[in-house]
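Below you'll find the structure, written out as structure tokens, and then a few comments.
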């Protein structure tokens, strides 16, 4: 592929679109367009013209109906002007064409509401959700994360540990059944877990696990590994000086922040 382009969907309460677009450019994308969802519905932009779809963090519609619920209905039922085609159909075609989707925080919540994660059934259906933190409050802190090297996730390839910030009030991953949770674990569809800083072991202990997700689940991917959602913010750690303890060496010696590697993995996959 001669060039790779990222589409970062903005509007209706997102507030991390600029950082996410910048992360894509830093990672090697030739273009990263920040586009309001209304441009997609107006037919002024098309998902098919891009290789990576980023759904960034924020507070979609104020989370008034639960995180990303209203926006999920917008994708499912909104029709593209001049075509009559649902935006949902264009989104499904984008995923099925072999391209990449990254949902961060509110974007992760949107992917599970749409049923695009974990996508363990042929037809998209919501079978997990992200609900209120066990603490009962908004959590804004840095966390340690451990990656599953066996996961098919494109975005976490070659990664072992990450330190990233979280900023959410609804981040606890809940499955409709224990059988489903075991299925996700068995298929390695939980590529990222909150971890104890000293040992790197997945944890449910607060505050290392900021929301109480069972088994420390901090993200999900689909069986193809091409659709990935996570609650922590990789776009917030693009340079070592973004780490709150960088002057003490916790940001490492490399100039790049660890979050940028998530975007570099996407660029490498699309360029191969």
Residues of segment 22-34 classified as surrounded by 18 or more Cβ atoms within 10 Å (Cβ to Cβ) and farther than 16 Å from residue 270 by Cβ, total: 1
Matching residues in segment 43-69 - criterion: being over 16 Å from the mean Cα position of the chain (by Cα) and closer than 22 Å to residue 97 by Cβ: 43, 44, 45, 46, 47, 48, 49, 50
Tally, over segment 15-34, of residues that are assigned to a helix (DSSP H, G or I), closer than 27 Å to residue 171 by Cα and touching a strand residue (DSSP E or B) at 6+ places or on another chain (Cβ under 7 Å): 5
Pick from segment 35-74, criterion in a strand (DSSP E or B) and buried (at least 20 other Cβ atoms within 10 Å of the Cβ), ranking: modelled with the lowest pLDDT: 58
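A quick yes/no check of all residues on (1) assigned to a loop (DSSP other than H, G, I, E, B); (2) surrounded by fewer than 22 Cβ atoms within 10 Å (Cβ to Cβ):
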{"site": "162", "(1), (2)": "no, no"}
{"site": "200", "(1), (2)": "yes, yes"}
{"site": "208", "(1), (2)": "yes, yes"}
{"site": "211", "(1), (2)": "yes, no"}
{"site": "229", "(1), (2)": "no, no"}
Verdict on residue 84 being closer than 26 Å to residue 129 by Cβ and at pLDDT below 95: no
Within segment 139-160, tally of residues that are surrounded by fewer than 14 Cβ atoms within 10 Å (Cβ to Cβ) and over 24 Å from residue 118 (Cβ atoms): 2
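Conditions (1) within 17 Å of the chain's Cα centre (by Cα); (2) in contact (Cβ under 8 Å) with a residue 40 or more places away in the chain, marked per residue:
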residue	(1), (2)
186	no, no
191	yes, yes
197	no, yes
220	yes, yes
Enumeration of residues in segment 117-131 that are in contact (Cβ under 8 Å) with a residue 60 or more places away in the chain and either more than 30 Å from residue 89 (Cα to Cα) or part of a loop (DSSP other than H, G, I, E, B) (or both): 117, 118, 119, 120
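The values are calculated or read from the model by the stated rules, or taken from the named source; none is laboratory data. No experiment lies behind these values; they were computed from the predicted model shown. Don't worry about glycine lacking a Cβ; one is built from the backbone with ideal geometry, like all the others, and counts go over all protein chains shown.
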